[in-house]
Amino acid sequence: MAGRVIVITSGKGGVGKTTTTANVGMALAQLGRRVVLIDADIGLRNLDVVLGLENRIVYDLVHVAEGSCRLRQALIRDKRCDTLFLLPAAQTRDKEAVAPEQMRKITADLAEEFDYVLVDSPAGIERGFKNAIAGASEALIVTTPEVSAVRDADRIIGLLEAAELHEPRLILNRVRLDMVRRGDMMNMDDVLEILAIKPIGIIPDDESIIVSTNRGEPVALDPHSRAGQAYREIARRLEGEDLPLVPPQATDGWIGRLRRFIGLQSR
Amino acid sequence: MTVLQLLQRLWGKESERPSKEQAKERLRLVLVHDRAGVTPDRVLPLLKDELIAVISKYMDIDESGLDVTLSTEDSQMALVASIPIRGLRQRL
Ligand SMILES: Nc1ncnc2c1ncn2[C@@H]1O[C@H](COP(=O)(O)OP(=O)(O)OP(=O)(O)O)[C@@H](O)[C@H]1O
Ligand SMILES: [Mg+2]
């Protein structure tokens, strides 16, 4: 049976697509699945550094599309988890170097061998986005709880629908529970009142993401990180588990701890 | 800041309207515009046909003079329909 091809996209830039692709991919691989991540952000390659695999790239997506190497030759095996692979983007080319038809072929070939093919989409709605969704049959939309990001997510939902990619699922990234509590940040329920989409995960705004990205070690490998926990839960939901959607326990500074200590709020 | 305000802040209940409500309200409005902007060409003809079908059950209307548009005024979006009536139908 062919694997699932899932695109991770957002419209707005910098909301966490690459971080999500790396971590959901790692978490799925940790569950024993065979996973390949495609960096479709040609010209602005990032997934390699988030995964700490930047020194091992020889061939890339454009080489594969142009036929100057075999697909297998371009795949980089992760050093920590031997069921995780990366197909890197070209850094010195532009988005036009690959056509949607070529992406469809590459993802279909990979789906023969892998359980999951995750495609990290570039920001925007132009060629790079169209390439990224070309071979996908499922989509995860990443947004942050901000007006501009949610607005762009709505646009993406419409474009995915038009491209026959039905039932995308939403990841709400960079949630700060302290701000949600005082009413200064939308939470998942608020966003779902506005967007016509089903949720699949809530990721807290978490320093450990920056630390782990500095090191090139995906946070999904860190058993103590709240964000890592959230990514692992997304992986399990993709696998079909029905986990309740609650943000992981907050460690939101001394006011939060004081409030919990004196019992002003549960959790 | 009074002790009461301090307590309210600790409780997370401030008297002013939380900014997320503003975010939601602005999003709702902007998305009505965005969504309409993407689809009026597709939606309006369909809407027009269904309107004619429904209204014709009760009234005799002049289909050629029917005009359905979206208008935006005062940061509100409205559906404006002008439907010339020739006469009422007999009671069913
Ligand atoms: N939950 C989080 N907590 C803290 N920092 C985060 C979180 N998610 C993402 N970041 C940081 O935000 C920045 C942007 O993330 P990322 O590169 O994953 O976004 P992107 O959507 O792929 O961006 P682009 O549109 O440029 O491809 C990174 O520096 C990342 O470390
Ligand atoms: Mg990215």
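Checking the table A:Lys12/A:Lys95; A:Lys17/B:Lys20; A:Lys198/B:Lys24; A:Lys12/A:Lys105; A:Lys79/A:Lys130 against a 20 Å threshold on Cα-Cα, which pairs fail? Over 20 Å apart, Cα to Cα: A:Lys17/B:Lys20; A:Lys12/A:Lys105; A:Lys79/A:Lys130. Packing here is the average count of other Cβ atoms within 10 Å per residue, and on that basis the peptides A:21-29, B:17-25, highest first, run A:21-29, B:17-25.
Counting only DSSP H runs of at least 4 residues, each contributing -39500 (n - 2.57), and dividing by the residue count of chain A, the helix-based mean residue ellipticity at 222 nm comes to -11500 deg cm²/dmol. Between B:Leu79 and A:Glu217, the simple spin-label model (points 7 angstrom out along Cα→Cβ) gives 5.7 nm.
Here's the list of lysines a cross-link from B:Lys57 could span, going by alpha-carbon distance under 19 Å and ignoring same-chain residues fewer than 8 apart: B:Lys48. Positive end of the dipole of segment A:1-104 (Cβ unit charges, origin at the Cα centre): among A:Val49, A:Ala22, A:His63, the Cα lying farthest that way belongs to A:Ala22.
Here segment A:4-261 is treated with +1 on each Lys and Arg Cβ and -1 on each Asp and Glu Cβ, and its dipole about the Cα centre works out to around 480 debye. Can you give me the distance in nm between label points at B:Leu29 and A:His166, each placed 7 Å from the Cα along the Cα-to-Cβ direction? Simple spin-label model gives 3.5 nm for this pair. Summarising the label geometry, the points placed 7 Å from Cα in the beta-carbon direction at B:Ser19 and A:Thr92 lie 4.5 nm from one another. Calculate the length of the line joining the C-alpha centroid of segment A:120-178 to that of segment A:49-118, in whole Å. If you average the Cα positions of each part, the centres end up 21 Å apart.
Summing +1 for each Lys or Arg and -1 for each Asp or Glu among the other residues whose beta-carbon sits under 11 angstrom from that of A:Gly52 gives 0.
Take each peptide in A:171-177, A:142-148, count the other Cβ atoms within 10 Å of every residue, and average; sorted highest first, the result is A:171-177, A:142-148. Inside 10 Å of the C-beta atoms of A:182-194, what's the mean count of C-beta atoms belonging to other chains? That average works out to 4.
Applying 1/(1 + (r/R0)^6) with R0 = 51 Å to the Cβ-Cβ distance of A:Cys69 and A:Lys198 gives a FRET efficiency near 0.85.
Here chain A was treated as a single set of alpha-carbon atoms; its pair distances binned every 5 Å from 0 give 1, 6, 14, 18, 19, 17, 12, 7, 4, 2, 1, 0, 0, 0 percent.
Read-outs: derived from the displayed coordinates by stated rules, not from any lab. Note that the coordinates shown come from a computational prediction; the quantities given were computed from them, not determined experimentally. Please note: Cβ atoms are built from the backbone with ideal geometry, for glycine as well, and neighbour counts cover all protein chains shown.
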